[in-house]
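Below you'll find the structure, written out as structure tokens, and then a few comments.
The values are calculated or read from the model by the stated rules, or taken from the named source; none is laboratory data. Predicted model, so just to flag it, every value in this text is computed and none were measured. As a convention, Cβ positions derive from the backbone with ideal geometry for all residues, glycine included, and neighbour counts pool all protein chains shown. These accessible areas exclude ligands, DNA and RNA; they are computed on the full protein's heavy atoms, side chains included. Shrake-Rupley method; radii C 1.70, N 1.55, O 1.52, S 1.80 Å.
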Amino acid sequence: MTTHTIRVEPIGAEIQCREDQTVLDACLREGIWLPHACTHGTCGTCKAQILDGEVDLGDASPYALLESERDEGAALICVAQPRGDVVLEGEVDMDEGVGVHPVRDFRARVDSLEEIAPDVRRLVLALDEPMRFNPGQYVLLDVPGGQQRPYSIASTPSNGSLIELHLKRSENGIATDGWVFSSLKAGDEVTLSGPYGRFSFRPLRTQPILLLGSGTGLAPLKAMIRHIDEDGGEYQVTLYHGVATKDDLYDREYFEELEARTDWFTYRPALSRDDWNGRSGRVPALLAEDYPRAGGNVAYICGSPDMVSDTMKALMKARLFPGTSTARTSSTPPTAPRAPTWCAVR
Ligand SMILES: Cc1cc2nc3c(=O)[nH]c(=O)nc-3n(C[C@H](O)[C@H](O)[C@H](O)COP(=O)(O)OP(=O)(O)OC[C@H]3O[C@@H](n4cnc5c(N)ncnc54)[C@H](O)[C@@H]3O)c2cc1C
Ligand code: FES
């Protein structure tokens, strides 16, 4: 397979990239960290300027990369493949204190697979060797038939050989309905790569932390909570977990036990449909009630695009603004076809 040289400005690093490989993949495998979120051309986070050379723009959503941006030489490097030597300008920055872990391929065995809520499964994978990652990052799971799907890691880097994922069934979905919820079983071999994503715990931000998740958006937040617990609970953490009914509230015992055991963790389940003896309402509404002023906190949000956007609006009303302390969205425009039911913000 022909390979080409990619030079990444402004750092001037040079790497090799195969013609059938994406530019982002080649960079991440060499430890050159460039912004990315969905890794399949729909969110626009990985937009970079091609200064010289030619790339095949691949399967970039026209909503994430506008025609005018293409004309001006922009590319979504998570889907762009080189057609010659390329020079690109990317935003090579990482928050202080956040590790950069090159992406690698792994083989794994399904250690366990269990139903933890209606249409939600916990998949634990035993990797052939430990993965190094930051709490909050995700893996790309190879699905039989050649596709890949991103899933957040819910476990901590302290045991990088055993990773936990939470999967929600999508009706007629290739990875979930067609595989994890139908034929996958304990002992099966799978392959995956990782770690990916910028949505990860920022250890140097010592302000009180708001973790705001809905559904399986809990997964990366659980990784952060477990990591903080392992490190001795040096932060004040409040978790809101939004689901529809009490049955959907998975891992409740774990969080209740943690809340009872420590003085740094508060658990606030938010049920949108059930009448129960706890609080009812969606996460953004409960947040608005509890935090008329939220400035001085750090927020991590993970859930459906609607949940993320409504939660960000609630935070901004409470004077916690993206950029000043917390958030940066990677959501897919709602009009995009097949918009993923997931997006993440920090
Ligand atoms: C960074 C990131 C992290 C993620 N982490 C998690 C996680 O921790 N847990 C989790 O559960 N999910 C997570 N997701 C979502 C996950 O990656 C998958 O998108 C989800 O599991 C659905 O995959 P699937 O293959 O089952 O469905 P897909 O086959 O991708 O289909 C998704 C939905 O679209 C419908 N569809 C398929 N084709 C079409 C079409 N042509 N037109 C219209 N509709 C169509 C399907 O019926 C289905 O309902 C994450 C996503 C991202 C981007
Ligand atoms: S990471 Fe490339 S478009 Fe989302």
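Filtered by the rule that a residue be of a type in the set (Val, Ile, Thr) and touching a helix residue (DSSP H, G or I) at 6+ places or on another chain (Cβ under 7 Å), the range 134-169 gives Val143, Ile153, Thr156. The set of residues from the range 36-59 being part of a loop (DSSP other than H, G, I, E, B) and either more than 24 Å from Thr3 (Cβ to Cβ) or more than 20 Å from the chain's Cα centre (by Cα) (or both) comprises Ala37, Cys38, Thr42, Cys43, Gly44, Thr45, Gly53, Glu54, Leu57, Gly58, Asp59.
Just checking, does the range 194-215 include any residue being part of a strand (DSSP E or B), in contact (Cβ under 8 Å) with a residue 12 or more places away in the chain and open to solvent by 40 Å² or more (accessible area, probe 1.4 Å)? So far as the range 194-215 goes, no, none of its residues is part of a strand (DSSP E or B), in contact (Cβ under 8 Å) with a residue 12 or more places away in the chain and open to solvent by 40 Å² or more (accessible area, probe 1.4 Å).
Taking the range 2-24 only, how many residues are surrounded by fewer than 22 Cβ atoms within 10 Å (Cβ to Cβ) and either outside any loop (DSSP other than H, G, I, E, B) or at positive phi (or both)? Can you show your working first?
Quick first cut of the range 2-24, residues surrounded by fewer than 22 Cβ atoms within 10 Å (Cβ to Cβ) only: 2-5, 7, 9-16, 18-21.
Still in the list and also either outside any loop (DSSP other than H, G, I, E, B) or at positive phi (or both): 3-5, 7, 9, 12-16, 18.
Here the count works out to 11.
I'm trying to understand the selection: among the residues of the range 45-56, which are in contact (Cβ under 8 Å) with a residue 40 or more places away in the chain and open to solvent by less than 20 Å² (accessible area, probe 1.4 Å)? Result: Ala48, single match.
Which ones in the range 140-176 are assigned to a loop (DSSP other than H, G, I, E, B), more than 17 Å from Arg109 (Cβ to Cβ) and in contact with a Gly (Cβ under 9 Å, 6 or more places away or on another chain)? Don't jump to the end; show me each part of the working.
Start the filter on the range 140-176 by keeping residues that are assigned to a loop (DSSP other than H, G, I, E, B), which leaves 144-146, 154-156, 160-161, 169-175.
Those left that are additionally more than 17 Å from Arg109 (Cβ to Cβ): 145-146, 154, 156, 169-175.
Hits for the range 140-176 are Gly145, Asn172, Ile174.
Condition (residue is at pLDDT 70 or above, open to solvent by 10 Å² or more (accessible area, probe 1.4 Å) and either under 19 Å from the mean Cα position of the chain (by Cα) or not small (Gly, Ala, Ser) (or both)) applied to the range 322-342: is it met by at least one residue? Taking every residue of the range 322-342 in turn, at least one turns out to be at pLDDT 70 or above, open to solvent by 10 Å² or more (accessible area, probe 1.4 Å) and either under 19 Å from the mean Cα position of the chain (by Cα) or not small (Gly, Ala, Ser) (or both). One residue stands out among those in the range 149-193 that are surrounded by fewer than 22 Cβ atoms within 10 Å (Cβ to Cβ), small (Gly, Ala, Ser) and within 11 Å of ligand 1 (Cβ to nearest atom): the one that is farthest from Glu114 (Cα to Cα), which is Gly173.
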